[in-house]
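Remarks on the structure that follows.
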Amino acid sequence: MTITINHYLIVSFLLFSIGFLGVLVRRNFLTILMSIELMLNAVNLNLIAFSRRLSDLTGQVFSIFVITIAAGEAAIGLALTISFFRQKKTLDVEEAHTMQG
Amino acid sequence: MTFAFHASDWLLLAPELFLTAMGLLLLGLSVALGKTKEDFLAFLATVSVGITGALVAFVATRPERATPILGGAFVVDNFALFFKALVLLSLALTVLASARYVGAAPYPGGEYYALLLFSGVGMLFMASGNNLISIYVALELMALSSYVLAGYFKAEPKSTEAALKYFILGAFSSGVLLYGLSLVYGAGGVMGLPELAKLLASASRSNLLMLGILLILAGLLFKIAAVPFHVWTPDVYEGSPTPVTAFFSVGPKVAAYAILARIFYVAFAKFHADWGFVVALVSAATMVLGNVAALLQSNVKRMLAYSSIANAGYALLGVLGFRTEWGLWGILIYLLAYTFMNFGAFTLIILLESKGYAGESVSDFNGLAKRSMPAAVVMLLFLLSLAGIPPTAGFIGKYYLFTAAMKAGYAWLAILAVVMSAVSLFYYFRIAAAMFFTEGSPAKLKSSYALSAVIAVCAVGTLVIGVVPQPFLEVLKSCVLGR
Amino acid sequence: MDALLRDHLVSVVVFLPLAGAVLLLLLPRSAASAARNIAFGVSVLDLIVSVPLWTRFLVGVPGFQLRERIDWIPQLGITYNVGLDGISLLLVMLTTVLTPVSLLFSLTHVEKEVRGYSVAFLVLETGMLGSLVALDLALFYVFWEVMLVPMYFIIGIWGGPRRIYASMKFFLFTMSGSLLMFLAILFVAIRHHTATGAWSFALEDLTRMTFTGRVETYLFLAFALAFAIKVPVFPLHTWLPDAHTEAPTAGSIILAGVMLKLGAYGYLRFALPLFPDAAMRFAPWLGVLGVIGVIYGAMVAYAQHDMKRLVAYSSVSHLGLVVIGIGAFTTMSLSGSILQMVNHGLSTGALFLLVGVLYERRHTRELDAYGGIAAVVPVTTALFLIATLSSIGLPGLNGFVGEFTILLGTWLSPHRWWSAAAATGVILSAIYMLTLVQRVFWNPLVVEENRKLTDVRPSEFVAAATLVVLMVWIGVRPNDVLDRIRPAVESLQKSVAARQVALHESARPEISEVRR
């Protein structure tokens, strides 16, 4: 079996969907952070696959940008999570309900 | 794609580079000074924004700006300049409105101003972004700084919670946006918007492309807080420090509209029929939900959060109107008006907040007319403008948006917008009634020069655009994007 | 100065009150008596300045006079475009008379936040005058909205116990109507732009457009709704009794005297010429609603115990008559309607004023709290009686001329039964108004406090007497007014008929009958 662009797209779509659903249904902030990472990596896979198929480097360059920014995002996300944990002693999203309406 | 640096590139990048440098300087000073000399830092931040503004004005006069730089990723057309001016305006207003608030908070002010300036840099790049990569990076620079700003009161559970919610939904929407970008890239292999436009002009509809466009739309709709991506807004607005809320309600939205306009007006114009329908539905839902939910609020910050959701719905009429230039003009003038009136209204809340989170309920506006007539009158002006009553800036903005929608064949949506404007009168005038018709605490209002200046600028802007709009409309006319 | 008054007389009249308001804002807030006097002085000055409008207006000449045109927002084709015809002239004069009258009354009776009160009144006057002279739809809309805000505050700050509810209701009712009108204005202007390539909001340009079918119907309804709420046409009248009951006396005078007229005025000035076909199609409905308004208003008025509420419902009834006259659309009925607008302004203004006089002394408006005070306050009684007689249409006073012209004009239209029904309304109005006078002034004096009532003060007398003099003047020399109305009415009819002919190759039979 030859691996075509479609296979890459399917894998990346699955990864993206898992991440997407993870953000929506998981209740632990850390798991949500990981789900977001999954989404971003699905994007990277897409970009690289397309880049290869189109014989164009831009996609790979973009994916490096995405990786860099994902690192920054993770740093901030973890910092905020820790700050939340310090106050609530939990990572459960259901506990984030100080404001209502 | 040719890629080379020229001396003129540095020239055109001067505002962004300068603002970045000042942000770094403030960050360094913050480490050195801690919780002292905050007035000086505020002053420094103000001056930085002012000089950046001067640099933008200088760049505007340079002939070099005719050609895009950085391999076509960065353009300084009139459209970009308009948004840069708007971004710097909201930045300057935020810095001024923050001084007292930040000074009273137990956290170092330098960090705050540095984050604000970094977020500003991101927005400046967004205004000029002409390439999917540069747009994305700029967007993230703005967003990452904003997440931290929302959580600036790190010991306040409300603030942390706001930041965390903002972060998760923001990162989530970035992921969605990115996935869309990758699909659009896959359709043609180009990242530059003009190239993309050229490519798509001859492309046929493909499912992958449509999915990409819709995901990009969804990601951007989140940034402007449109329904159903609005869930973050009320909590973030309520939980964040009020100057930050004021900033969120204008700055990031303005910048998001800049890229929304560039991407959808330039690159995706051909498929207007496909995404237009989605935008119409989202706009309708946003107006209805924003206004109806605002009716039910008793917290003014939350009420204004829903009102700003509703306003995003009105502004989407302009996106729909992208069939003609009117859509573009509508967004530009509306955002200008919105910056003045919405920021002004938020500044009045800051004025009323003696400390922390006090002074946010509608009843805190009780008897404001007795305490300070000018404050009450000015607040009334902002409310009238938000409701779109002439002769105020909000009216001119709505005028353009409604015209754009009708020209694009969405008369039903314009009617809905008008009906919803009528609904919005209910809650805007609840504040008006509280200010003028009821008795409240007799305490005198304590203002500062900075706050008074912000309110004055907003009031003058709101009134002048409403009464003598001509010069502003002349500027608008020059801000057309080529496609 | 001379040149200013010569070439920009209309603008001077419109903006003088606004200038006064700005001047007042420069005063310290505590300078109550100065604010009062300046506001009154400015309004009197405006009245004086407006007199040349009346004298310089060329009688018998159709079309707009004393015009001024300056580009305001050229990019959008919005102009500052003002001028007068007979209809607007009369209402402008009514406004410049009623504003000083109501401020004169307020001189002695308003204590709270006098400066704000004076500013609100002067801004209101500019809003009303501007709406009456604007010949550009965008400009009209701006003035139309400017008018709402001060009235909202006048009711909400200086009103009675339920003032917040009443002011909110007033504001939301009128505002929702006008927002739809704004959209319709935009739509018409966009159509004009598409057709001609130029932006314009000028009435003359836009009336040249023709709309057909459903589009015209919707546009017409958007305009008509805004104006019908303002008049108010039954069943959109529910805000009116609340607003009147809660508004301070001076606010009621202006509200009933001028603002309600703006609804009918807007209909005649904008809705009719812009959408003649739809207007003609809906005219029968308008007439029927007018008839319902006349009879319903009269019957509800009869049931009231609160004097102000009674007068408010009588307004619904009297304005129903005006609506019938417009619906019938004969030269005579239209002239009568316009005249009756002025008459109603004078008589109802006077009635509200005198109710205010009694209220300021006894702090109650209950009918039962009075009775038999004719001997105690003879001057008040006399003035009240004259205003009542004017209101019920006694020959020799203005009300008679207006009502008679409407009834006769309607009788000449295809809708004779309206005339008959409206006549019943006139009789009913005689019943409830005379009952009011009977119960307040003549029945036996049972409440002891009423013996100590004081008669009108000089300022109150001057205010009421001014209105009485005008009532008698119009009653005796109605042609002074009617001559100024007729050319305007005729040119209105002519333009509507011309458009109808253009629309249908053969004019419909009822139209030709109307044109006679």
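Nothing in this text is a laboratory measurement; each read-out follows from the coordinates by a stated rule. As the structure is a prediction and not an experimental result, all values here were calculated from the model. We place every Cβ from the backbone using ideal geometry, glycine too, and count neighbours over all the protein chains shown.
Rounded to a whole number, what is D in µm²/s for the range B:230-318 from Stokes-Einstein with the Kirkwood radius over alpha-carbon pairs (4 °C, 1.567 mPa s)? Estimated via Stokes-Einstein, D reaches 94 µm²/s.
The Cα center of the range C:110-124 and the Cα center of the range B:161-234 differ in position by 54 Å.
Stokes-Einstein diffusion for chain B at 37 °C, viscosity 0.692 mPa s, with a Kirkwood radius from C-alpha pairs, works out to 147 µm²/s.
Once you divide the Cα radius of gyration of the range B:284-483 by 2.2 N^0.38 Å, the number left is 1.04.
Based on Cα contacts under 8 Å between residues 6+ apart, chain B shows a relative contact order of 15 percent.
Annotation for the range C:128-178: trypsin sites (Lys or Arg not before Pro) lying in DSSP loop with at most 16 further Cβ atoms inside 10 Å of their Cβ are C:R162. Each of C:H344, C:H193, C:H318 has some number of other Cβ atoms within 10 Å of its Cβ, and from fewest to most they run C:H193, C:H344, C:H318.
If one computes P(r) from the Cα atoms of the range A:28-96, what percent of pairs lie at distances over 14 Å? Before the final figure, lay out the partial values.
Details: 1508 of 2346 pairs.
I get 64 percent for the Cα pairs in the range A:28-96 exceeding 14 Å.
Sequence-ordered 3J(HN,Hα) estimates for the range B:325-330 from the Karplus curve with 6.51, -1.76 and 1.60 and θ = phi - 60° stand at 5, 4, x, 5, 4, x Hz, glycine and proline given as x. Each principal axis of the Cα cloud of the range C:275-476 was evaluated for its coordinate range; sorted largest first, these ranges are 59, 32, 26 Å. Straight-line reach from A:K88: taking Cα to Cα under 30 Å and skipping same-chain neighbours fewer than 8 places apart, the lysines in range are B:K35, B:K154, B:K158, B:K165, B:K223, B:K301, B:K355. The alpha carbon centroids of the range C:152-196 and the range C:46-84 are separated by 24 Å. Straight-distance candidates among the lysines for linking to C:K261, with alpha-carbon spacing under 21 Å and chain neighbours fewer than 8 residues away dropped: C:K169, C:K230, C:K308.
Count the net charge of all other residues whose Cβ sits under 11 Å from the Cβ of B:S30, scoring Lys and Arg as +1 and Asp and Glu as -1.
Working: positive: B:K35, B:K37; negative: B:E38, B:E111.
Net charge in that neighbourhood comes out at 0.
Rg then Dmax, both in Å and based on the Cα atoms of the range C:125-262: 16.4, 54. Solvent-free Debye calculation, one equal scatterer per alpha-carbon of chain C: log10 I(q)/I(0) at 0.07, 0.09, 0.13, 0.14 Å⁻¹ equals -0.35, -0.59, -1.26, -1.47. Over the protein assembly as shown, what portion of Cα pair distances is larger than 49 Å, expressed as a whole percent? The proportion of pairs with Cα distances above 49 Å equals 33 percent.
State the dimensionless ratio Rg/Rh of the range C:436-492 (Rg: radius of gyration of Cα atoms; Rh: Kirkwood radius).
Working: Rg = 19.2 Å, Rh = 15.1 Å.
Ratio value, two decimals: 1.27.
Across every pair of non-identical alpha carbons in the range B:189-237, the mean reciprocal distance, once inverted, gives a Kirkwood radius of 12.7 Å. Annotation: aspartates and glutamates with alpha-carbon distance below 18 angstrom to B:K84 (same-chain offsets under eight excluded): B:D9, B:E16, B:E64, B:E140, B:E474.
On average over all directions, what projected area in square nanometres does the range B:88-239 have, based on the convex hull of its Cα atoms?
Details: hull surface 37.8 nm².
Directional mean of the projected Cα hull area for the range B:88-239 stands at 9.5 nm².
Kirkwood Rh over Cα pairs of the range C:214-335 into Stokes-Einstein at 20 °C, 1.002 mPa s: D in µm²/s? Walk me through the numbers on the way to the answer.
Working: Rh = 14.5 Å.
Rounded to a whole number, D works out at 148 µm²/s.
Can you give the FRET efficiency for B:S447 and B:M210, using 1/(1 + (r/R0)^6), R0 = 41 Å, r = Cβ-Cβ distance, to the nearest 0.05?
Numbers: r = 53 Å, r/R0 = 1.29.
Using R0 = 41 Å, I get an efficiency of 0.20.
For chain B, adding -39500 (n - 2.57) for each run of n ≥ 4 DSSP H residues and dividing by the number of residues yields -25500 deg cm²/dmol at 222 nm.
At a 10 Å Cβ-Cβ cut-off, how would you order C:F153, B:F271, fewest neighbours first?
Numbers: C:F153 27, B:F271 16.
By the 10 Å Cβ count, ascending: B:F271, C:F153.
Summarising the overall dimensions of the range C:1-136 from its C-alpha atoms, the Rg and Dmax are 15.8, 50 angstrom. Roughly how many whole Å is it from the C-alpha centroid of the range A:45-95 to that of the range B:427-483? For the range A:45-95 versus the range B:427-483, the Cα centre distance is 39 Å. Couplings 3J(HN,Hα) for the range A:61-78, derived from phi with the Karplus relation 6.51 cos²θ - 1.76 cosθ + 1.60 (θ = phi - 60°), are 4, 4, 5, 5, 4, 4, 4, 4, 5, 4, 4, x, 4, 4, 4, 5, x, 5 Hz, where x marks Gly and Pro. Helix C:458-476 and the long axis of chain C differ in direction by around 50°, with both axes built from C-alpha atoms. One quarter of the surface of the convex hull around the alpha-carbon atoms of the range B:171-212 equals 2.9 nm², the direction-averaged projected area.
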